[in-house]
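Every number here is computed from the coordinates shown, using simple stated rules; none is lab data. On a predicted model such as this, the values are computed, not experimentally measured, just so you know. Positions of Cβ are generated from backbone atoms using ideal geometry, with glycine treated the same way; all protein chains shown enter the neighbour counts.
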Number of protein chains: 2
Amino acid sequence: MSHTIGGTGVRQARKQRTRQSLLDAALVLLEEQSLSSLGLREVTRAAGIAPTAFYRHFRDMADLGVALVEESLGSLHTTVRANLAATVDSEQRIAGAVELVARLVREHPAYVRFLARERHGGVRPVRDAIGGELDRFAVEAAAELARLPEASQWRRDDLLMLARLYVDLMVTTASALLAAGPDAAARERVEGEARRRLRLVALGSRHWLD
Amino acid sequence: MSHTIGGTGVRQARKQRTRQSLLDAALVLLEEQSLSSLGLREVTRAAGIAPTAFYRHFRDMADLGVALVEESLGSLHTTVRANLAATVDSEQRIAGAVELVARLVREHPAYVRFLARERHGGVRPVRDAIGGELDRFAVEAAAELARLPEASQWRRDDLLMLARLYVDLMVTTASALLAAGPDAAARERVEGEARRRLRLVALGSRHWLD
DNA sequence: TCGTGGAGCTGACACTTGTGCACTGACTGG
DNA sequence: CCAGTCAGTGCACAAGTGTCAGCTCCACGA
């Protein structure tokens, strides 16, 4: 036992627990404001610790923001990869992708809202972190697309272009779902339109090499 | 003379001038922060007037934000409409649209940055204003698309879907251009990719009715 | 010509904010 | 078992915030 990285047992575990409670508190507060207007005291108050204890975990609010980005997007890569690899025909892949985004928004709306908001937000490091993560998604998606037989003749940069397009479509779909609110009918409408968008793009890519 | 709406001459003109200087000052400050973190005092300081004079023009910072939205997007509709209507073939329309967005970003980067940032930002009324304006663009684009012979058989909602897709593409292109910075080569790369995206979508829509 | 509406100013208020400093007390490794 | 580390506390400070009440002053309309 007791040989985890950076120290042993209880002490570190407690630290991580309050660190997590800081992240959680921040995420809740961020549902109704943006990171650059979120105060350090506000977060610590909501987390139930003294203001100065904040510095034991993060240098900045920006630092905390970056941590939130990692937390929300970091674990998603494997999920996405699996989902892309598992499906075979185009229509199935489309339905799967939209369903994946829909579930993400349904189960973790606060995270998605945070990402949508800070993607172009006022805090540089956070913006960059999100941008970098989305780029990774695009590269991964391109790699997955390259394995499809119908794309074997594609130029490398056209593939990347298509992958980035898909990523952007999914991102805008996510934020449209957020804007649709909890109303089931509205969400279904958004999902339907997202599927048609994807169908259109898939159709275009099928004739790309003409 | 002297029968402008709401009062006469010099007095009202002066008011509008300082109102404009408030908007200008805010826009400058908003290049490096988001609206929800922008202080009333900060703006009035930059505009060179007393803090309390702010209330003579706007109820809120949110109110000022909405005014900024109108200022930036209001005049754009006619431009876009003209641009769509003027061109004939698809490739020409694509080049024209991308060039229009590129010029917009080049000549009014602060406005574009503001819009990208506050589209999902922390201030509800501003978000709604931007969303509403973009919806108007989509409706207008749909109307313009409907006039094309190759779209005469399209279902109404498919047309709207396509129009919204185009709008989203242009918006993401605009923010990608901002992220590319002032480097000419990077911008050209973004514009090129935007054109290929549009080509792909146009290709897909050409086969939509199969 | 004079009275007035209203743009803009000054000063003050009650808060909130980020951060420095010295401190406590529980866990830790030797 | 004991000394040391360090997460978390309390207090203090300077600086900034939004907003209120009351003032000045001047273009305007009658």
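Summary of computed values
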item	result
Complete set of residues in the range A:28-45 that are of a type outside the set (Val, Ile, Thr) and away from every other protein chain (no Cβ under 14 Å)	A:Arg41, A:Arg45
Candidates B:Glu140, B:Glu150, B:Glu191, filtered to the one that is in a helix (DSSP H, G or I), surrounded by fewer than 14 Cβ atoms within 10 Å (Cβ to Cβ) and away from chain A (no Cβ under 12 Å)	B:Glu150
Failed item in (1) of a type outside the set (Asp, Glu); (2) surrounded by 20 or more Cβ atoms within 10 Å (Cβ to Cβ); (3) within 11 Å of chain A (Cβ to nearest Cβ), with B:Arg155 passing the rest	(2)
Meets criteria (of a type outside the set (A, V, I, L, M), closer than 15 Å to A:Leu115 by Cα and touching a Lys or Arg at 6+ places or on another chain (Cβ under 9 Å)) for A:Ser90	no
Pair list, Cβ under 6 Å, 6 or more apart: the range B:47-64 residue in contact (Cβ under 8 Å) with a residue 12 or more places away in the chain, other residue within 13 Å of DNA strand C (Cβ to nearest atom) and in a loop (DSSP other than H, G, I, E, B)	B:Leu64/B:Phe58
Criterion (in contact with a Pro (Cβ under 9 Å, 6 or more places away or on another chain) and either over 30 Å from B:Asp210 (Cβ atoms) or at the interface with another protein chain (Cβ under 10 Å from one of its Cβ atoms) (or both)) met by exactly one of B:Leu178, B:Leu165	B:Leu178
Residue check, A:Gly74 within 10 Å of DNA strand D (Cβ to nearest atom) and either closer than 25 Å to A:Ala179 by Cα or surrounded by fewer than 19 Cβ atoms within 10 Å (Cβ to Cβ) (or both)	no
Output for the range B:120-137, where each listed residue is within 13 Å of chain A (Cβ to nearest Cβ) and either among the small types (Gly, Ala, Ser) or in contact (Cβ under 8 Å) with a residue 24 or more places away in the chain (or both)	B:Gly121, B:Gly122, B:Val123, B:Arg124, B:Val126, B:Ile130, B:Gly131, B:Gly132, B:Leu134
